[in-house]
Amino acid sequence: MKKALISDWYYVNGGAEKVIHSINSIWNDFDHFALIDFLNDEDRKFILNGKKAKTSFIQKLPTVKKNHRKFLQLFPIAIEQFDLSDYDLIISSSSAVAKGIKVEENQLHICYCHSPMRYAWDLREQYLKDAGLTKGLKGLYAKSVLDKIQKWDLSNSENVDYFIANSKHIAQRIKKTYNKESVVIYPPVDVDFFSLEETKEDYYLTASRLVPYKKTQLIVEAFNELPHLKLIVAGEGPELEKLQKVAKSNIEFVGFVENKKLRSLMQKAKGFVFAAEEDFGIIPVEAQACGTPVIALSKGGTLETVVDNETGIFFDEQSVQKIKEAVIHFGTKKFDSKAIRKHAVLFSKKRFEKEIKEFVEEKYKEHQGFLETR
């Protein structure tokens, strides 16, 4: 069986890349494809077993390494130019265009879907607003590009034989967007690495890439109104400078931190604060694996990973006031670190790899049987 694994892109080691790492831990003989590949050597060793992905023409465009998303209108053309006709099994890991690769009838294509393309569907208006593209000629052009990509995305969902959703939340969106059924297999969380620590210190932690949809600014502003509580913000991104300017003295920015440092911060934190509406959200589960309770928005994947009043508490709106109220309420509660850790283990890498292996092998066997009876 000749196998191809295609991802939207490789430039950071995030949640989607942890999925790729685990799939490569099951089968180590994939050929890899992506629009771009700018991984450093350390991340490449972890994610791709040291291999380099075959990339599209977008890899060579000027300034692409700094901001690949500005070439969005070219993504469909680029992904369709990959020739995967020699492969028996194709697995795509997709939150954008990877699932749109060209396939033939004798090939099996399984998509691990992190999300239907956000900027074409549910977050379309937010992306246009954040990019300042709601008015004028540039706005009209941006909307026309998204209209075309939306049609392309819907049409190319037919290239997928089986969808795997990373949460029930995403399974519902796959059904709504593509009218396709999917099986839910939660992403892998390294619960062995993010180990239990029962002794907590007197600070709260938030960690993410500092981009608008993560809503870190709301967390910072909430803690500005709670000057007796310490907040540590881990991560870097385009919002860092702005956040540093508005933050008061009880808020500390530590920038990007390596995994061991992040683990230490998580283990000792009194609570982990998470305000984004995520498709799944690996990092709140990592915090729980450390025995650290979570203060999270009650939307998206966290509804499936946080147990209210047992492994954390929820707030129901992305607002400063709601986050502030939740933090105050959190301070009145007691949590069992061992019970929080036990819950997080349900999302382990071992579980993910077992479920993916069984699903892919079962569907490949069925597919081969179908080909033999034609």
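Each value in this text was obtained by applying a stated rule to the coordinates, not by laboratory testing. Please read these numbers as outputs of a predicted model, since none were measured by experiment. Don't worry about glycine lacking a Cβ; one is built from the backbone with ideal geometry, like all the others, and counts go over all protein chains shown.
The value of relative contact order for the range 204-347, using C-alpha pairs under 8 Å at least six residues apart, is 23 percent. Annotation note: trypsin sites (Lys or Arg not before Pro) in the range 74-149 located in DSSP loop regions with a Cβ neighbour count of at most 10 within 10 Å are K135.
Sorted from fewest to most neighbouring beta carbons within 10 Å, what does the list V64, V246 look like?
Lowest to highest Cβ neighbour count: V246, V64.
When you count, for each residue, the other Cβ atoms within 10 Å and take the mean per peptide, how do 218-225, 38-45 rank with the highest first?
The most tightly packed comes first, giving 218-225, 38-45.
Neighbour counts of C-beta atoms inside 10 Å place Y186, Y112, Y204, Y11 in the sequence Y11, Y186, Y204, Y112, starting with the fewest. Put simply, the amide H of F253, placed in the peptide plane, has neighbours under 5 Å in V233, leaving out anything fewer than 5 places away on its chain. The distance linking the range 316-374 with the range 294-312 is 11 Å (Cα centroid to Cα centroid, whole angstrom). From the largest down, the chain spans 68, 51, 39 angstrom on the principal axes of its Cα atoms.
Only Cα pairs within less than 10 Å get springs; with that Gaussian network setup on the chain, which residue of S264, S22, S93 has the largest fluctuation? Of S264, S22, S93, the most mobile in the Gaussian network model is S264. Close amide H pairs (under 5 Å, H built 1.01 Å from N) link G301 with E278, D279, F280, residues at least 5 positions away or on another chain.
Which order results if L371, L243 are arranged by neighbouring Cβ count within 10 Å, fewest first? Please report the intermediate quantities before stating the final value.
Values: L371 13, L243 19.
With the fewest neighbours first, L371, L243 line up as L371, L243.
The tail of the calculated P(r) for the range 1-158, taken as Cα-Cα distances beyond 21 Å, holds 47 percent of the pairs. Coupling constants for the range 205-218 follow from the phi torsions by the Karplus curve (6.51 cos²θ - 1.76 cosθ + 1.60, θ = phi - 60°), and in residue order they are 10, 10, 8, 5, 6, 8, 10, x, 5, 6, 6, 5, 4, 5 Hz; glycine and proline get x. Between the beta carbons of S264 and A131, assuming R0 = 30 Å, the FRET efficiency works out to 0.25 to the nearest 0.05. Between A339, A276, A207, the GNM of the chain built on Cα springs shorter than 10 angstrom shows A339 fluctuating the most. Over all other residues within a Cβ to Cβ distance under 11 Å of T302, the charged ones net out to -4, with Lys and Arg as +1 and Asp and Glu as -1.
For the range 204-347, the alpha carbon positions stretch 39, 31, 28 Å along the principal axes, listed from largest to smallest.
Say we join alpha carbon atoms closer than 10 Å with springs in a Gaussian network model of the chain; which of H169, H32, H329 then has the biggest fluctuation? Per the Cα network of the chain with a 10 Å cutoff, H329 tops the list.
Based on C-alpha pairs under 8 angstrom that are at least 6 apart in sequence, the chain has a relative contact order of 14 percent.
Across the range 72-89, computed HN-Hα scalar couplings (Karplus, 6.51 cos²θ - 1.76 cosθ + 1.60, θ = phi - 60°) run 3, 4, 8, 4, x, 4, 5, 6, 6, 7, 5, 9, 10, 5, 7, 9, 7, 10 Hz from first to last residue, x flagging Gly and Pro. Rounded to the nearest 500, the helix-only mean residue ellipticity at 222 nm of the chain stands at -11500 deg cm²/dmol, with each DSSP H run of n ≥ 4 adding -39,500 (n - 2.57). Taking θ as phi - 60° and the Karplus parameters 6.51, -1.76 and 1.60, the scalar couplings of the range 342-348 work out to 4, 5, 5, 4, 4, 10, 5 Hz in sequence order, x denoting glycine and proline. Comparing Cα centroids, the range 157-219 and the range 241-279 end up 18 angstrom apart.
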